[in-house]
Structures are given as structure tokens and as C-alpha cells.
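First comes the structure, then the notes that go with it.
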Amino acid sequence: MSIIKIIVGLSNPKTKYHCTRHNAGSRYVYQLAKLYFQVLIKEKKFSGFTSSFFIKSSYVRLFVPDVFMNLNGELVYKIASYYDIKLNEILIIHDDLELKPGIIKLKYSYGHNGHNGLRSVISHFGDKKINFYRLRIGIGRPINKKQVSSFVLSNPTDIENILINQCIVDSIKKNHFLITSIK
């Protein structure tokens, strides 16, 4: 069993991309902060937004990098190193093309499955095959495979947005125990 010490919502810069499909991970972290009456504050030292709280006698940090997705790993590594947190003590929350909107799944694995944010995290923590926890939020996949980049950087449809938001809220309410420990 690992104790989760930091929860990271992978993202692109908040101001321009906050509502896009690719920022589903950061949306999750903002909703989680709201549930625990916390506000994420811009912290220049980590080039992202941070907050923290105590739950069940554990201190949990929240982090949303404020850089482009393919650079998230550098900042995740920086904050983890600063607080002496290992990769297997981090819960990384990210969008997933393989899951339909409204589906959310927890996975424990090393691979990035083509996700540039995860690829960046893995490369910055080194090539040792360290497994880590990922919470995958479904965003669906475009019909044309050549449109993946523009798809993830666009806003979901109204129906997709409702499904994504609802799965985030439901997951947080049902699974808040994930914050302190994951088996």
C-alpha cells in the first residue's frame, strides 16, 4: 500500500486551455480542492497552482502545473523532489482518449499509452520502471485519428462536458478515500 502524498492534475496553461478536454486532470484537482474548502494558489517556485490539506492524519498536496502538457513532467519532478515524494506516492490525474466521456478508471502502471503529459512525467523520473497511480478521465476519441491534437485542445460538447463533470464529482464523492491510501 502506498500513501498518496501529492495529487497532480495534468494540464496545459490554465488561462487559455482550462476548459479543454486535455485539462480534465486539472478540473478534477480543482473540484477536489473545492470539496475540502481549499483554493489552489499560483506558486512561482513550482510554476503551477498548489494547495494542501489534512485528511485522516495525512498531509496531501494538490498540484496543477501551469505549462504545456509535454512539459508537465519537469514540474511534477520539481515539486516531488522538493518535498521528497516518490513517484509511487503520486496520484496523476489525466484525460484519456480510450475512455468515453463519463468514464473514469484508476490504473496502476508505468506506461504512458501515448499521453504526452505522462510521457514527460516518466522521462523526468528516470527510465527505471517505477509504477505509479493514474486516474484516467474519459474524453472520447475523434472520428478522424489525424485530429487528435485539435480534439484534445478543444472544449468538449455540452453533453460531453456534463458527462465529464459528473464523473469527476461522482468519483471525488465516492472515492475520497483514495487520497490517503491506495492498495
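Provide the packing ranking of 168-174, 39-45, i.e. peptides ordered by the mean count of other C-beta atoms within 10 Å per residue, highest first. If you can, show how the numbers build up before the last one.
Details: 168-174: 15.4, 39-45: 11.6.
Peptide ranking by packing, descending: 168-174, 39-45.
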Of all accessible heavy-atom area on the chain, the percent that carbon and sulfur account for (1.4 Å)
55 percent
Note down the accessible area of LYS16, probe 1.4 Å, to the nearest 10 Å².
150 Å²
Tell me which label goes with the value of percent of Cα pairs over 22 Å apart computed from the coordinates here: (1) 48; (2) 51; (3) 39.
(3)
Round to the nearest 10 and give me the degree value, 0 to 90, for the angle of helix 72-82's Cα axis relative to the longest principal axis of the chain.
10 degrees
Show the residues, 5+ positions off or on another chain, whose built amide H is closer than 5 Å to the amide H of HIS112.
none
When the charge dipole of segment 1-149 is computed with +1 on Lys and Arg Cβ and -1 on Asp and Glu Cβ about the Cα centre, the Cα farthest towards its positive end, among VAL39, ILE79, GLY126, belongs to VAL39
In degrees from 0 to 90, rounded to the nearest 10, what is the angle of the helix 24-35 Cα long axis to the longest principal axis of the chain?
50 degrees
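With r defined as the distance between the Cβ atoms of LEU106 and SER150 and R0 fixed at 25 Å, what FRET efficiency is calculated, to the nearest 0.05?
About 0.30, to the nearest 0.05.
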Would you mind working out the magnitude of the charge dipole of segment 1-144 relative to its Cα centre, with +1 at each Lys and Arg C-beta and -1 at each Asp and Glu C-beta, to the nearest 20 Debye?
180 debye
Write down Rg/Rh for segment 1-40, rounded to two decimals, with Rg from the C-alpha atoms and Rh from the Kirkwood relation over Cα pairs.
1.03
Amide H neighbours of ILE4 under 5 Å, counting only residues 5+ apart in sequence or on other chains, H built in-plane at 1.01 Å?
SER181, ILE182
Full extension from SER47 to THR15: what is 0.36 nm times the residue separation minus their Cα-Cα distance, to one decimal in nm?
10.2 nm
Among SER150, TYR108, ILE137 - extreme Cα towards positive end, dipole of segment 78-164, charges at beta-carbon
TYR108
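Distance cut-off 21 Å, Cα to Cα: go down the list LYS105/LYS173; LYS16/LYS78; LYS16/LYS86; LYS45/LYS86 and report the pairs above it.
Details: LYS105/LYS173 15 Å; LYS16/LYS78 23 Å; LYS16/LYS86 31 Å; LYS45/LYS86 19 Å.
Cα-Cα > 21 Å for LYS16/LYS78; LYS16/LYS86; rest within.
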Here, LYS86 and ILE3, labelled 7 Å along Cα→Cβ, have an inter-label distance in nm of 1.3 nm
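The values are calculated or read from the model by the stated rules, or taken from the named source; none is laboratory data. Source: prediction; values computed, not measured. Positions of Cβ are generated from backbone atoms using ideal geometry, with glycine treated the same way; all protein chains shown enter the neighbour counts. Ligands, DNA and RNA are excluded from the accessible area calculation, which covers all protein heavy atoms including side chains. Shrake-Rupley method; radii C 1.70, N 1.55, O 1.52, S 1.80 Å.
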